[in-house]
Amino acid sequence: MYGLREVFGEHLKHLLILNTKGFTGHPMGVSFEDVVAVEVLATGIVPPVANQAQVDPNLGVGLKLSRGGEYGCKYALHFAAGFGSQIAIALYGHADLLLN
């Protein structure tokens, strides 16, 4: 969470954090997260963080974890870090933003 706080600073409170790993396990490069990102932008419906009964105090305060439901998301950022320092980042934008 240090990285998120360092990069986004005061804007972190506006980010909705979603984690699909609790539903899928390790998809190992099949890009399931990308499909979820595009579907969220298309429908406005975000799945909850799986098995999130209470917020882990080690995460700190000010994080907006998805509880599921409708959100007005304009962008979706997929960050993946793998073994051997492999990193992939994909940023998606809602079609209305791109067409105007």
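The values are calculated or read from the model by the stated rules, or taken from the named source; none is laboratory data. Quantities reported herein were computed from a predicted structural model and do not represent experimental measurements. Here Cβ is always computed from backbone atoms with ideal geometry, including for glycine, and neighbour counts include all displayed protein chains.
Here's a check for you: in the range 53-75, which residue that is over 22 Å from residue 2 (Cβ atoms) and of a type outside the set (Phe, Trp, Tyr) is farthest from the chain's Cα centre (by Cα)?
For the range 53-75, the residue satisfying everything is 53.
Just give me the residues in the range 56-87 being at pLDDT 80 or above, surrounded by fewer than 13 Cβ atoms within 10 Å (Cβ to Cβ) and of a type in the set (A, V, I, L, M), in sequence order.
Selection gives 77, 87.
In the range 6-60, which residues are of a type in the set (Val, Ile, Thr) and free of Cβ contacts under 8 Å to residues at least 12 places away in the same chain? Write out each step before concluding.
Looking only at the range 6-60, we keep the residues that are of a type in the set (Val, Ile, Thr), and these are 7, 17, 20, 24, 30, 35-36, 38, 40, 43, 45-46, 49, 55.
The answer is 7, 24, 30, 35, 43, 55.
How many residues are under 19 Å from residue 82 (Cα atoms) and in a helix (DSSP H, G or I) when one looks only at the range 1-34?
Of the residues in the range 1-34, 10 are under 19 Å from residue 82 (Cα atoms) and in a helix (DSSP H, G or I).
Specify the residue that is nearest to residue 4 (Cα to Cα); the eligible residues are those in the range 83-100 that are of a type in the set (Gly, Ala, Ser) and without any contact (Cβ under 8 Å) to a residue 12 or more places away in the chain. Please lay out each step first, then the result.
Step one: filter the range 83-100 for residues of a type in the set (Gly, Ala, Ser), giving 84-85, 88, 90, 93, 95.
Filter once more, so that each one left must be without any contact (Cβ under 8 Å) to a residue 12 or more places away in the chain: 84-85, 88.
On the way: 84: 21, 85: 18, 88: 16 Å.
Only one residue fits best here, namely 88.
Of all residues in the range 39-55, which are exposed (fewer than 14 other Cβ atoms within 10 Å of the Cβ) and assigned to a helix (DSSP H, G or I)?
Scanning the range 39-55 gives 42, 43.
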